Amino acid sequence: MIDGSTKLYGIIGNPVRHSLSPVMHNAAFQELGMNGVYVPMQTEDGKGAVTALKLLGFQGASVTIPHKEAVMDALDEVDPVAQKIGAVNTLLFRKDPDSQHIISRGFNTDWLGSNLALSKYLALEQSKFLILGAGGAAKAVAFGLVEAGAEVFITNRTAEKGENLAAWLGCKFLEISQVDTVRVDAFINTSSVGMEPNAHLSPIDASLLSDFSVVMDIVYAPLKTRLLKEATAAGCKTIDGLAMLLYQGAAQFKIWTGKQPSLPVMRAAMEKALKKRSDLK
Ligand code: ATR
């Protein structure tokens with residue numbers, strides 16, 4: 001029931017129509033009996049949106065593509081880890097007790113999301129990872145793993161982008177043709193290969209999968225990607241694309257409310273929304 005005391009949260013991005021964050025966070029508010037609401041807000045102006053949310057009394061927000069870097073200039077404070085990554089996915093608005101002014105602060109929980117998902121299966125600091133991709137998602141995943149003390153290899157279709165990311169992280173780059181020259185514990189796909197409408201594709205040759213003990217995909221439409229199906233058949237443990245989303249979302253919720261939301265409740269809400277979408281097709 002939305003009323004005069006409902007606390008406001010949401011996601012800014014472009015596009016945001018397909019974001020699962022609203023169902024995930026609203027399920028958590030409902031389960032905890034909290035008077036909060038989380039709405040999708042499509043905008044071309046990330047910086048302007050930060051000012052607008054502050055003026056409108058929002059408590060917090062998620063930030064997604066393409067605004068994760070741009071919003072940083074509009075914030076009063078940026079968490080040191082988000083500063084290091086160069087991207088913010090979480091905004092918190094709080095009242096300064098002395099000045100009574102609203103202070104906006106940016107965080108990054110994306111890297112926490114993948115670390116938490118992977119640490120269910122592997123001791124990160126003792127493990128080796130091969131990451132495919134060199135975009136924003138790869139940056140967050142790889143940053144988290146390096147931060148945790150893992151050994152990380154990057155591979156990417158465009159070598160230059162992959163080399164730049166590897167140099168920034170201080171880890172090694174491998175050409176796609178060289179990935180079978182290293183032995184790693186886990187393979188992580190951060191590219192969009194295998195996403196609908198190209199669900200028949202996989203980013204890596206199935207014959208290489210039996211070398212990994214864990215395979216993680218950040219693609220969640222479909223939830224069981226060709227990569228994950230082939231990894232299961234090869235005897236690997238698999239982590240699907242909802243896992244990172246779930247753990248980064250739970251970390252956001254904690255930043256906003258101080259409360260630990262129910263992971264199964266949040267996940268079930270997202271699975272239901274995905275199923276509804278595929279049933280409608
Ligand atoms: P995000 O910020 O969401 O990670 P992105 O910056 O577009 O998205 O990055 C997408 C990544 O997926 C890139 O590493 C991209 O490879 P390139 O650097 O060569 O563009 C990778 N990618 C996307 N489509 C791909 C495909 N069909 N085959 C191989 N890699 C692909």
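Think of it as helices only: each DSSP H run of n ≥ 4 in the chain is worth -39500 (n - 2.57), and spread over all residues that comes to -11000 deg cm²/dmol at 222 nm.
Close amide-amide hydrogen proximity is noted between MET216 and PHE187, ILE188, ASN189, ILE239, each under 5 Å apart and 5 or more residues distant or on a separate chain (H modeled in the peptide plane; Pro and chain starts excluded). Considering only ILE11, ILE85, ILE154, the mean-square fluctuation computed in a Gaussian network model of the chain, springs between alpha carbons under 10 angstrom, is largest for ILE85. A simple packing score, the average count of other Cβ atoms within 10 Å per residue, orders the peptides 96-102, 17-23 as 17-23, 96-102, with the highest score first.
Which shape class, rounded, prolate or oblate, goes with the stretch 191-281 when its Cα gyration tensor gives a ≥ b ≥ c as root eigenvalues, a/c under 1.5 marks rounded, and past that a/b bigger than b/c marks prolate? Judged from the Cα gyration tensor, the stretch 191-281 comes out oblate (a/c at least 1.5, b/c at or above a/b).
Hey, got the dipole for the stretch 120-225? About the Cα centre, +1 on K and R Cβ, -1 on D and E Cβ, debye to the nearest 20? Let's see the in-between values first.
Working: 8 positive and 12 negative charges, 32 e Å.
Roughly 160 debye, rounded to the nearest 20.
Selection among SER119, ALA138, ILE11 by position relative to the dipole of the chain gives ILE11 as farthest towards the positive end (Cβ unit charges, Cα centre).
In this structure, the amide hydrogen of THR90, modeled 1.01 Å from its nitrogen in the peptide plane, lies closer than 5 angstrom to those of VAL63, PHE107, THR109, counting only residues at least 5 positions away or on a different chain.
Any chance you could run the full-extension gain for ILE2 through TRP168? It's 0.36 nm times the residue separation minus the Cα-Cα distance, nm to one decimal. Walk me through the numbers before you get to the answer.
On the way: separation 166, 0.36 × 166 = 59.76 nm, distance 4.57 nm.
Contour length minus Cα-Cα distance gives 55.2 nm.
For the stretch 171-281, the per residue solvent-accessible surface stands at 50 Å², with DNA, RNA and ligands left out and a 1.4 Å probe.
Judged by the ratio a/c of the largest to the smallest principal axis of the C-alpha gyration tensor, the stretch 107-197 counts as rounded, that ratio being less than 1.5.
Rounded, prolate or oblate: pick one for the stretch 14-161, where a ≥ b ≥ c are the square roots of the eigenvalues of its C-alpha gyration tensor, a/c under 1.5 means rounded, and failing that, prolate if a/b is larger than b/c, else oblate. The shape class here is prolate. Computed with a 1.4 Å probe on the full set of protein chains, the accessible area for GLU160 sits at about 130 Å².
Among THR232, THR190, THR181, the residue with the largest mean-square fluctuation in a Gaussian network model of the chain, with springs joining Cα atoms closer than 10 Å, is THR181. Take the stretch 37-141 with all the other protein chains still there, run a 1.4 Å probe, and you get 45 Å² of accessible area per residue. Span-like helix check, the chain: qualifying full DSSP H segments, with Cα axial length of 18 Å or more and mean Kyte-Doolittle of -1.0 or more, are 241-257, 263-280. Within the accessible surface of the chain, defined with a 1.4 Å probe on protein heavy atoms only, the carbon and sulfur portion equals 53 percent.
Counting only protein heavy atoms and using a 1.4 Å probe, the accessible area of CYS171 comes to about 30 Å².
For the residues PRO66, PRO80, PRO40, a GNM of the chain with alpha-carbon springs under 10 Å puts the largest fluctuation on PRO80.
The values are calculated or read from the model by the stated rules, or taken from the named source; none is laboratory data. Everything numeric here is computed off the predicted structure, so don't read it as measured data. In this analysis, Cβ positions are derived from the backbone assuming ideal geometry, glycine residues included, and neighbour counts consider all displayed protein chains. Ligands, DNA and RNA are stripped out before the accessible areas are found, and what is left, the full protein with its side chains, is counted by its heavy atoms. Shrake-Rupley method; radii C 1.70, N 1.55, O 1.52, S 1.80 Å.
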